[in-house]
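Only the coordinates and a few stated rules stand behind these numbers; no lab work does. Please read all numbers here as calculations on a predicted model, not as lab measurements. No Cβ is skipped: glycine too gets one built from the backbone with ideal geometry, and neighbour counts run over all protein chains shown.
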Amino acid sequence: MDYNTIPAAILTYNVRKKKKNPPKKNHFIANIRINNPEEYQKYLDKVDEVSEMYDIEYLAVDEAPQILEGNWKYTKSVLIKFSSKEEFERWYYSREYQEILKHT
């Protein structure tokens, strides 16, 4: 089977260090290389439905980002904002998301 490649990371950080107890920001970044479009389409067919159950916001989905350094080996990049790291974990580790993740 020809799997799609999706290196991903969750970033949790403070916006302003000078502010007392600044709110933490939580973003999920995925760089996707689609090797099997039919299998990946199964993921796309369900991901919005699953994601609507959580407090998330898609900030960017880009199939042609401007690469400033290095080689870009991917088909698209996705940037998602989460209200908290806990909300990210609820989404990512949910039964529903894990079920569709197998199509990536």
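Computed values, structure above
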quantity	calculated
Spin-label pair Arg33/Glu96, simplified geometry with 7 Å Cα→Cβ offset, distance in nm	3.1 nm
Sequence-distant aspartates and glutamates (8 or more away, or on other chains) whose Cα lies within less than 13 Å of Lys73	Glu63
Net lengthening on full extension, Lys25/Trp72 (0.36 nm per residue, minus Cα-Cα)	14.3 nm
Stretchable slack from Leu44 to Lys81, in nm (0.36 nm times residue separation minus alpha-carbon distance)	11.5 nm
Dipole-positive endmost among Thr104, Val61, Tyr92 within the stretch 57-104 (Cβ charges, Cα centre)	Thr104
Packing-based order for 85-97, 54-66, 24-36, using average beta carbon neighbours within 10 Å, highest first	24-36, 85-97, 54-66
23 Å Cα-Cα threshold exceeded, pairs from Lys76/Lys102; Lys42/Lys76; Lys24/Lys76; Lys46/Lys81; Lys24/Lys81	Lys24/Lys76
